[in-house]
Amino acid sequence: MPIAKLEAEHRRVLEMADTLDAMAAGPFPEAPGIFTQKLWSFTREVMAHLSNDEALVVVPLMDDRRPHIAQLAVQSLAQLRALHADFERHMADWKGLPGAEDWPGYRRSVQTLIRRLRARVAAEESGIYHFMPVQRVDRQPDLPANCTGAASKAA
Ligand SMILES: [Fe+2]
């Protein structure tokens, strides 16, 4: 899976996080079912993405010949699994949206998960992703050295 695909997954989960964060910043939702549905969809996307990060980036980099990159991957795996476990713990602890009286604690838990996810995404995109070979899906085929491009033909 190309890094571009993982970055596209980041954009998707961050967009979902923005929506949830805005809802969590307000009072107890008038339509609790919508919040629960959005949180469930978000959690499912995050879990799938974390699994992709682990399998496609972090674990392969643990065998990197550069010791500092391998060590970075080991640390990244521990952080990734801790975040994964905390998402699972949140879902197990709360089992759906609580009543209005528990809203402050519940939304603090959601906001903390979102903040940690954002920090992880930023750290990946500025760090560990750069140590993988870039395999962009939109990669252009190599042009022969003597091939003129469309811009030079138009001039
Ligand atoms: Fe990621």
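The values are calculated or read from the model by the stated rules, or taken from the named source; none is laboratory data. Please read all numbers here as calculations on a predicted model, not as lab measurements. Glycine also receives a Cβ, built like all others from the backbone with ideal geometry; neighbour counts cover every protein chain displayed.
For the stretch 1-34, filtered to residues that are of a type in the set (Val, Ile, Thr) and farther than 29 Å from residue 132 by Cβ, the residue that is farthest from the ligand (Cβ to nearest atom) is 34. In the stretch 35-65, of all residues being more than 16 Å from the ligand (Cβ to nearest atom) and hydroxyl-bearing (Ser, Thr, Tyr), the one that is modelled with the highest pLDDT corresponds to 41.
Determine whether residue 68 is modelled with pLDDT of 95 or more, in a helix (DSSP H, G or I) and under 17 Å from residue 130 (Cβ atoms).
no
When the test is whether a residue is among the hydroxyl-bearing types (Ser, Thr, Tyr) and either more than 15 Å from the ligand (Cβ to nearest atom) or closer than 29 Å to residue 36 by Cα (or both), residue 126 does not pass it. Residues in the stretch 129-155 that are modelled with pLDDT of 50 or more, closer than 29 Å to residue 68 by Cα and more than 16 Å from the ligand (Cβ to nearest atom): 133 only.
Inspection of the stretch 90-104 identifies no residue that is closer than 24 Å to residue 18 by Cα, within 12 Å of the ligand (Cβ to nearest atom) and among the aliphatic types (A, V, I, L, M).
This table checks each residue for (1) among the hydrophobic types (A, V, I, L, M, F, W, C); (2) in a loop (DSSP other than H, G, I, E, B); (3) in contact (Cβ under 8 Å) with a residue 24 or more places away in the chain.
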| position | (1), (2), (3) |
| --- | --- |
| 12 | no, no, yes |
| 16 | yes, no, yes |
| 23 | yes, no, no |
| 29 | no, yes, yes |
| 47 | yes, no, yes |
| 53 | no, no, yes |
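Quickly run through the stretch 1-59 and pick out the residues that are exposed (fewer than 13 other Cβ atoms within 10 Å of the Cβ), of a type in the set (Asp, Glu) and closer than 19 Å to residue 122 by Cβ. Within the stretch 1-59, 15, 18 qualify. For the stretch 1-34, the candidate set comprises residues that are more than 20 Å from the chain's Cα centre (by Cα) and hydrophobic (A, V, I, L, M, F, W, C); within that set, the residue that is farthest from residue 97 (Cα to Cα) is 25.
Filtering 73, 82 for residues that are more than 12 Å from the ligand (Cβ to nearest atom) and surrounded by 18 or more Cβ atoms within 10 Å (Cβ to Cβ) leaves a single hit, 73.
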